[in-house]
Structures are given as structure tokens and as C-alpha cells.
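Trainee: Please find one structure pasted underneath; my questions will follow.
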Amino acid sequence: TKKLFEKIDESLENKDNYVETVELESFNDGIQFKDVSFAYDDGYILDNVNISLKKGKKYLIVGPSGGGKSTFLKLLRKYFLPNKGMILIDGKDLKDVRKESYFKRISNVEQDVFLFEDTLRNNISLYKDYSDEEILEAIEKAGLKDFVRSLPQGLDSMIYDNGKNISGGEKSRIAIARSLLQKSDIMLLDEAFASLDSKTAKEIENTLLNLKDITLVNVSHVVFKENRSKYDQV
Ligand code: ADP
Ligand code: MG
């Protein structure tokens, strides 16, 4: 047990050592991976990755299971730092960028969506103040309008037990509405459409692909022929 605690102490120490100095006020240009390598233990999962993501462009990432797609997104979320190489955002080393200021620019949609035992409104707004208009716009874009309309209490309906009373597809759409509402610059999706039926998935994907200023990075094993060509790069 002693060894274990030493290891935990050590990892916490290493985390706190590095002082982030750069405040990211806005996102204007793009993100660049420069010779990025990353390993969890031994053996690189990402080996010398060079990729450039331009502001406002839409990217689809496909590949075999275990290929490193989620790891790539984790690096983009600054959940991990590269072992080698660097990630630049608007030319600044992401390592130096303050997490708080970076996290305002990005939003995440994952397959597992956590819901609170609270109203639909609070589950979408995450307790921040948004006007009804803004919330309804996000709901419409996320394909949740009919669902909300079908609820007797609309936005003020309660969600119970991490969404036991709603379907998997509705959960995903709530996550997408959350993400749209945050009006972040960069949207990262990790198999976000996996629990949607293909018609809904296609519609939502299409909506996201039409959002002009949003930079979209979509990791998905569900690829729709109709939408594939709308991505700037696959
Ligand atoms: P994908 O999303 O493309 O399916 P991942 O990025 O999740 O792939 O995983 C890439 C590889 O990294 C896999 O071999 C996986 O087992 C390994 N891996 C993922 N997460 C961890 C972790 N936290 N610790 C150790 N190995 C991991
Ligand atoms: Mg994955």
C-alpha cells in the first residue's frame, strides 16, 4: 500500500508542478499536432502524429477499435499531454494554456451521458443562465423539439435516475443540446451518435456540419455516405 500512496503522491506532484501561463481569449486560427507521440505505458498509441485542424472546418475520424481515436481526443481535451512533440492552438503551446480558458472554447459529447435528477432545462443548461430562446434554439438543432413538445411539462419535466425515463437517443440529444448551448468554438464528439437511430443521427450530424463557425472533430464508426462528403477531411 505504501508503494501505491507514493505513486499517487508522485503523480499529483507532477501534475501540480507545471504552471500554465497563457490565457486563451479566443480561438481564431487552428490547432496543430506537431510530431505528437503518446503512450499510456510502453508502446506508442499515437506515433509521430502531424495534423492540422483549421477553425470552422469539419473533421471525421474513423479507424479500427483500439486505434487511438479516443486517445487523440483526450489529447485535444488536454486530458493528457503528449510524451513527445507538441500541440499548438493558434500557435500557442497547449501545454501552457490555462485549462479554465481552454475549456471554455471546447465542448464534448460522448456516448455515456450523465444526467442529473433535475428538470430537463437544468440538464441542458447545466445550471447556467440562458434565455428560453437560446435553450429552444439548441433543442431544435439537437433534434429534441418533438420530444420536449410531447412532455406535459416541457422543459420543466423531471429526469429521474440518470435518465431512466428517457431513451438512449434522447440522452445523446440532450448532450448535443448542452454542447450547442455552450457556444464553444470546438466540438469534440466521441461516438456521440452510437445510440441514435440512423435517421436521427444523420439529421443531427447534418445540423452540426452546417454550423459555420464551429470546428468539429467527430470520432465515429457510424459513417453515413450522404454526409461523408460534407466533411472537410476524413
Ligand atoms: P479507439 O478510441 O480508437 O478505440 P483508444 O484511444 O480508446 O482507441 O485506445 C487506443 C489504445 O490505447 C488501445 O489499445 C487501448 O487499450 C489503450 N488504452 C486506452 N486507454 C488506456 C488507458 N487509460 N491506459 C492504458 N491503455 C489505454
Ligand atoms: Mg474510442
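The values are calculated or read from the model by the stated rules, or taken from the named source; none is laboratory data. As the structure is a prediction and not an experimental result, all values here were calculated from the model. A quick note on method: Cβ atoms are made from the backbone with ideal geometry, for glycine too, and the neighbour counts reach across all protein chains shown. Please note that ligands, DNA and RNA were not included when accessible areas were found on the heavy atoms of the full protein model with its side chains. Shrake-Rupley method; radii C 1.70, N 1.55, O 1.52, S 1.80 Å.
Trainee: Subtract the Cα-Cα distance of MET158 and LYS128 from 0.36 nm times their separation in residues, and report this length gain in nm to one decimal. If you can, show how the numbers build up before the last one.
Mentor: Values: separation 30, 0.36 × 30 = 10.80 nm, distance 1.74 nm.
Gain in length upon complete extension: 9.1 nm.
Trainee: I've got another one for you. For SER167 paired with ASP47, estimate the spin-label separation in nm (one decimal), with each label point 7 Å from Cα along the Cα-to-Cβ line.
Mentor: Calculated label separation equals 4.3 nm.
Trainee: If amide hydrogens are placed 1.01 Å from N in the peptide plane, which non-local residues have theirs closer than 5 Å to the one on SER184?
Mentor: Amide H neighbours of SER184, under 5 Å, 5+ apart: none.
Trainee: To the nearest 0.05, what FRET efficiency results for VAL62 and SER101 with a Förster distance of 22 Å applied to their C-beta separation? Let's see the in-between values first.
Mentor: On the way: r = 31 Å, r/R0 = 1.41.
After rounding, the FRET efficiency stands at 0.10.
Trainee: Now for a different question. Using a 1.4 angstrom probe with every protein chain in place, what is the largest-first accessible-area order of PHE80, PHE147, PHE103, PHE193?
Mentor: Values: PHE80 60, PHE147 30, PHE103 100, PHE193 5 Å².
Putting PHE80, PHE147, PHE103, PHE193 in descending order of accessible area: PHE103, PHE80, PHE147, PHE193.
Trainee: Right, here's the next one. Mind scanning LYS7/LYS95; LYS58/LYS164; LYS34/LYS128; LYS145/LYS225 and naming the pairs with a C-alpha gap bigger than 29 Å? Mind showing how you got there, number by number?
Mentor: Details: LYS7/LYS95 23 Å; LYS58/LYS164 33 Å; LYS34/LYS128 36 Å; LYS145/LYS225 26 Å.
In this structure, LYS58/LYS164; LYS34/LYS128 exceed 29 Å between Cα atoms.
Trainee: Next question, about the same structure. Where the accessible area of segment 85-136 is counted over protein heavy atoms with a 1.4 Å probe, how much of it, in %, is carbon and sulfur?
Mentor: Details: 1360 of 2910 Å².
It is 47 percent, rounded to a whole number.
Trainee: Quick one: if you stick a label point 7 Å off each Cα along the C-beta vector at LYS84 and ASN28, how many nm between them?
Mentor: About 3.3 nm separates the two model spin labels.
Trainee: Additional query: Would you mind telling me the antiparallel percentage of the DSSP bridges in the chain, rounded to 5? Could the numbers behind the result be given before it?
Mentor: Numbers: 14 of 30 bridges.
Antiparallel: roughly 45 percent of the beta bridges in the chain.
Trainee: Then there's this: So, counting K/R as plus one and D/E as minus one, what does the shell of residues with Cβ under 9 Å around LEU181 add up to? All intermediate terms of the calculation are to be shown ahead of the outcome.
Mentor: Numbers: positive: LYS128, ARG178, LYS183; negative: GLU134, GLU137.
In short, +1.
Trainee: Using only alpha carbon pairs under 8 Å that are at least six residues apart, calculate the relative contact order of segment 74-223 and give it in whole percent.
Mentor: Details: 191 pairs, mean separation 41.6, N = 150.
Normalised by residue count, the contact order of segment 74-223 is 28 percent.
Trainee: Once you sort the root eigenvalues of the Cα gyration tensor of segment 1-101 as a ≥ b ≥ c, which label holds: rounded (a/c under 1.5), prolate (a/b larger than b/c) or oblate (the other case)? Don't jump to the answer; show the numbers that get you there.
Mentor: Numbers: a/c = 2.42, a/b = 1.29, b/c = 1.87.
Oblate.
Trainee: Quick one: net charge of LYS230's neighbours, Cβ under 9 Å, K/R +1, D/E -1?
Mentor: On the way: positive: LYS58, ARG228; negative: GLU205, GLU226, ASP232.
Residues near LYS230 contribute -1 overall.
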